Amino acid sequence: MVLPFSADSGFGVDKPGGRPCLNLLEDDRCGIHATLREDGWPGCTVFECFGAGQQVSQVTYAGLSWRDGGNLGEMGAVLTVMRQLHEMLVHLDEVARRSPDDGAAAARGRIEDLTAADPETLLTSDVDELHAHVGRLLAEASARVRRGWPDAADHSRRDLAGQRMTGDLRGCSLRGALLIGADLSGADLTDADLLGADLRGTDVRGADLSTALFLTQPQANAAVGDTATLLPDGLAHPGHWT
């Protein structure tokens with residue numbers, strides 16, 4: 001209902017924000033949830049709000065439905081902020097597991113407090129500043145984890161679409177890289193940094209991503225893998241992988 005989407009991004013049709021999806025049922029379920037990819041809606045299988053939708057609906061608005069609240073525009077804006085906060089929390093949790101840091105812990109506490117705030121506080125917060133601060137903390141954590149691979153390549157923000165990059169990619173930086181349709185099949189991505197990498201259609205069949213840094217479920221959902229693909233703990237093999 002709240003978010004816009006387009007057919008070009010894999011959502012079947014173009015829809016502006018604030019208009020119900022044509023597959024939305026009266027009981028708020030999706031009418032084609034079991035056959036999204038078959039029906040031409042792969043974008044829905046890739047999208048992830050990291051729990052922000054539940055937080056906004058059940059905590060920020062205390063269970064008040066968009067159908068009854070009359071404040072759909074505000075809820076949409078709050079959701080946009082909350083999704084960014086929740087994604088930052090996911091990455092900071094990984095820092096706590098892989099390379100604990102006092103600064104990252106403090107940032108996590110600050111963000112967690114903000115997620116419980118009222119709509120006005122959320123909408124007037126400087127999320128851009130917070131995002132930049134967290135980005136620096138994640139870069140520092142990545143450097144600490146990857147220092148064991150001093151000769152690893154730095155492919156940060158490079159356009160690698162369609163390229164073949166199999167083999168030893170241990171400790172390399174692929175943060176922000178464009179990897180659409182790239183071939184990473186069978187690659188060893190131990191401690192590789194995949195923060196923000198575009199993995200749409202990336203072949204990761206047989207690849208070892210078990211310790212890749214900052215890999216998210218949406219990135220895995222967008223890639224092409226199989227049962228031999230190793231993912232980090234907490235990430236699930238997408239249903240369309242074979």
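The values are calculated or read from the model by the stated rules, or taken from the named source; none is laboratory data. Note that the structure is predicted; figures quoted are calculated from it, not measured. Ideal geometry is used to build each Cβ from the backbone, glycine not excepted, and the neighbour counts take in all protein chains shown. These accessible areas exclude ligands, DNA and RNA; they are computed on the full protein's heavy atoms, side chains included. Shrake-Rupley method; radii C 1.70, N 1.55, O 1.52, S 1.80 Å.
In the range 13-56, what residues are free of Cβ contacts under 8 Å to residues at least 24 places away in the same chain, touching a Ser or Thr at 6+ places or on another chain (Cβ under 8 Å) and surrounded by 14 or more Cβ atoms within 10 Å (Cβ to Cβ)?
Hits for the range 13-56 are LYS15, LEU36.
Could you tell me which residue of the range 73-126 is nearest to VAL56 (Cα to Cα), considering only residues that are of a type in the set (A, V, I, L, M) and open to solvent by 50 Å² or more (accessible area, probe 1.4 Å)?
Looking at the filtered set, the residue picked out is ALA116.
Within the range 211-234, how many residues turn out to be open to solvent by 10 Å² or more (accessible area, probe 1.4 Å), within 22 Å of ALA152 (Cβ to Cβ) and not β-branched (Val, Ile, Thr)?
5
Could we say that ALA236 is out of contact with any Asp or Glu (no Cβ under 9 Å at 6 or more places or on another chain), over 28 Å from LEU85 (Cα atoms) and assigned to a loop (DSSP other than H, G, I, E, B) here?
In short, no.
Go through the range 142-178 and give me each residue that's over 11 Å from ASP203 (Cβ atoms) and not in a loop (DSSP other than H, G, I, E, B).
If the condition is that a residue be over 11 Å from ASP203 (Cβ atoms) and not in a loop (DSSP other than H, G, I, E, B), then SER142, ALA143, ARG144, VAL145, ARG146, ASP154, ASP159, ASP168, SER173, LEU178 are the ones that fit.
Is it true that GLY181 is in contact with a helix residue (DSSP H, G or I) (Cβ under 7 Å, 6 or more places away or on another chain), closer than 25 Å to ARG200 by Cβ, part of a loop (DSSP other than H, G, I, E, B) and touching a residue at least 12 places away in the same chain (Cβ under 8 Å)? Break it down into steps so the answer makes sense when it comes.
Numbers: in contact with a helix residue (DSSP H, G or I) (Cβ under 7 Å, 6 or more places away or on another chain): no; closer than 25 Å to ARG200 by Cβ: yes; part of a loop (DSSP other than H, G, I, E, B): yes; touching a residue at least 12 places away in the same chain (Cβ under 8 Å): yes.
Answer is no for this residue.
Here are some residues: ASP203, ASP208. Which one is farther than 24 Å from VAL90 by Cβ and crowded, with 19+ Cβ neighbours inside 10 Å?
Within the list ASP203, ASP208, the selection yields ASP203.
Can you run down the residue pairs with Cβ atoms below 6 Å, 6 or more apart or on separate chains, where the first is in the range 92-111 and within 19 Å of GLU129 (Cα to Cα) and the partner is open to solvent by 30 Å² or more (accessible area, probe 1.4 Å)?
Within 6 Å, the pairs are LEU92/ARG108.
Which of the residues spanning the range 57-72 are open to solvent by less than 60 Å² (accessible area, probe 1.4 Å) and either part of a loop (DSSP other than H, G, I, E, B) or under 16 Å from THR124 (Cβ atoms) (or both)?
Residues satisfying the conditions are THR60, TYR61, GLY63, SER65, ASN71.
Here's the yes/no breakdown for (1) in contact (Cβ under 8 Å) with a residue 24 or more places away in the chain; (2) closer than 17 Å to LEU213 by Cβ; (3) part of a strand (DSSP E or B):
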position: GLU74; (1), (2), (3): yes, no, no
position: VAL81; (1), (2), (3): yes, no, no
position: VAL90; (1), (2), (3): yes, yes, no
position: ARG136; (1), (2), (3): no, yes, no
position: GLU140; (1), (2), (3): yes, yes, no
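The conditions are (1) at pLDDT 95 or above; (2) touching a Lys or Arg at 6+ places or on another chain (Cβ under 6 Å); (3) open to solvent by 40 Å² or more (accessible area, probe 1.4 Å), and HIS240 fails exactly one of them. Which is it?
Status for HIS240: all satisfied but (1).
Within the range 130-140, does at least one residue satisfy the condition of being surrounded by 18 or more Cβ atoms within 10 Å (Cβ to Cβ) and out of contact with any helix residue (DSSP H, G or I) (no Cβ under 9 Å at 6 or more places or on another chain)?
No, that holds for no residue.
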